[in-house]
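Asks: Pasting in a structure now, in structure tokens, and then I'll have a few things to ask.
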């Protein structure tokens, strides 16, 4: 018997209180700052991961991934890949099997990141596979988060331009919340598993 419902209606989610990341958000647009951030993350055992890509509203026009978000419980690094590319320190973290990287639809994220620079994903955990073990059939981060926590994460910034000169505060909070939410879901499921 699952402790979670398998599915959830969109209308039910809309009634829920909003959850958002309340920690430090550090935007990174130099290789030096990326190296520093990777050093800070090297002591972590599990982090939330997400990416953002500038949306295309024209058929046949695709953009490369613009941003990778890496979150701990209290700090989220927003690395502007359109500025820094894929530095060695970031690739090393993505390949490190000792640090779990938790996200949703990680196959897509890996493909997008690999289009920027080839790497061998290590320690990646896709929540879509993990939540199935708990009877959750939903695949979207928003729906999974709503089922596990009874709260809603906003999707209002999803189709904004992630290659703007300066990211807005709303974009930063949205991006950080997605990566943090992945981490929180993972920790909650692990906690339930150990009870």
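The values are calculated or read from the model by the stated rules, or taken from the named source; none is laboratory data. Nothing here was measured: the structure is a model prediction, and the numbers come from that model. Note: ideal-geometry Cβ built from the backbone for every residue, glycine included; neighbour counts use all protein chains shown.
Asks: Of all the residues that make up region 154-172, how many are in contact with a strand residue (DSSP E or B) (Cβ under 7 Å, 6 or more places away or on another chain) and either in a helix (DSSP H, G or I) or surrounded by 22 or more Cβ atoms within 10 Å (Cβ to Cβ) (or both)?
Replies: 3
Asks: On to the next question. Find the residue count for region 38-54, including only residues that are surrounded by fewer than 23 Cβ atoms within 10 Å (Cβ to Cβ) and within 14 Å of residue 175 (Cα to Cα).
Replies: Going through region 38-54, the residues surrounded by fewer than 23 Cβ atoms within 10 Å (Cβ to Cβ) turn out to be 38-46, 53-54.
Right, trim to within 14 Å of residue 175 (Cα to Cα) and you get 53-54.
Residues that pass the stated criteria total 2.
Asks: Residue by residue through region 100-113, note down the ones that are surrounded by fewer than 20 Cβ atoms within 10 Å (Cβ to Cβ) and assigned to a loop (DSSP other than H, G, I, E, B).
Replies: 105 - this is the single residue of region 100-113 that is surrounded by fewer than 20 Cβ atoms within 10 Å (Cβ to Cβ) and assigned to a loop (DSSP other than H, G, I, E, B).
Asks: What number of residues within region 9-26 are surrounded by 14 or more Cβ atoms within 10 Å (Cβ to Cβ) and either in contact with a strand residue (DSSP E or B) (Cβ under 7 Å, 6 or more places away or on another chain) or closer than 18 Å to residue 178 by Cβ (or both)?
Replies: So the first thing to find is which residues in region 9-26 are surrounded by 14 or more Cβ atoms within 10 Å (Cβ to Cβ), and the list is 12-13, 16, 19-21, 25-26.
Narrowing further to those that are either in contact with a strand residue (DSSP E or B) (Cβ under 7 Å, 6 or more places away or on another chain) or closer than 18 Å to residue 178 by Cβ (or both): 13, 16, 19-21, 25-26.
Here the count works out to 7.
Residue-wise test of (1) part of a strand (DSSP E or B); (2) under 27 Å from residue 139 (Cβ atoms).
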residue: 5; (1), (2): no, yes
residue: 8; (1), (2): no, yes
residue: 11; (1), (2): no, yes
residue: 16; (1), (2): no, yes
residue: 20; (1), (2): no, yes
residue: 26; (1), (2): yes, no
residue: 35; (1), (2): no, no
residue: 40; (1), (2): no, no
residue: 43; (1), (2): no, no
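Asks: Among the listed residues 99, 136, 147, 153, which satisfies the condition of being within 13 Å of the chain's Cα centre (by Cα) and either touching a residue at least 40 places away in the same chain (Cβ under 8 Å) or within 23 Å of residue 28 (Cα to Cα) (or both)? Before you say what the answer is, go through the steps one by one.
Replies: Working: 99 fails: within 13 Å of the chain's Cα centre (by Cα); 136 fails: within 13 Å of the chain's Cα centre (by Cα); 147 fails: within 13 Å of the chain's Cα centre (by Cα).
Unique residue meeting the criteria: 153.
Asks: Also, I was wondering about something else. Name the one entry in 70, 78, 90 that is in contact with a strand residue (DSSP E or B) (Cβ under 9 Å, 6 or more places away or on another chain), buried (at least 19 other Cβ atoms within 10 Å of the Cβ), part of a helix (DSSP H, G or I) and modelled with pLDDT of 95 or more.
Replies: Values: 70 fails: part of a helix (DSSP H, G or I); 78 fails: part of a helix (DSSP H, G or I).
Going through 70, 78, 90 in turn, just one is in contact with a strand residue (DSSP E or B) (Cβ under 9 Å, 6 or more places away or on another chain), buried (at least 19 other Cβ atoms within 10 Å of the Cβ), part of a helix (DSSP H, G or I) and modelled with pLDDT of 95 or more: 90.
Asks: Restricting to region 1-32, name every residue that is in contact with a helix residue (DSSP H, G or I) (Cβ under 8 Å, 6 or more places away or on another chain) and farther than 30 Å from residue 150 by Cβ.
Replies: Listed by number, the residues that qualify are 27, 28, 29, 30, 31.
Asks: May I ask you to list the residues in region 183-195 that are buried (at least 23 other Cβ atoms within 10 Å of the Cβ) and either outside any helix (DSSP H, G or I) or touching a helix residue (DSSP H, G or I) at 6+ places or on another chain (Cβ under 6 Å) (or both)?
Replies: Passing the criteria: only 185.
Asks: Also, I was wondering about something else. Which residues, counting only those in region 114-150, are surrounded by 15 or more Cβ atoms within 10 Å (Cβ to Cβ), part of a loop (DSSP other than H, G, I, E, B) and in contact with a helix residue (DSSP H, G or I) (Cβ under 8 Å, 6 or more places away or on another chain)?
Replies: 119, 121, 122, 134, 136, 138
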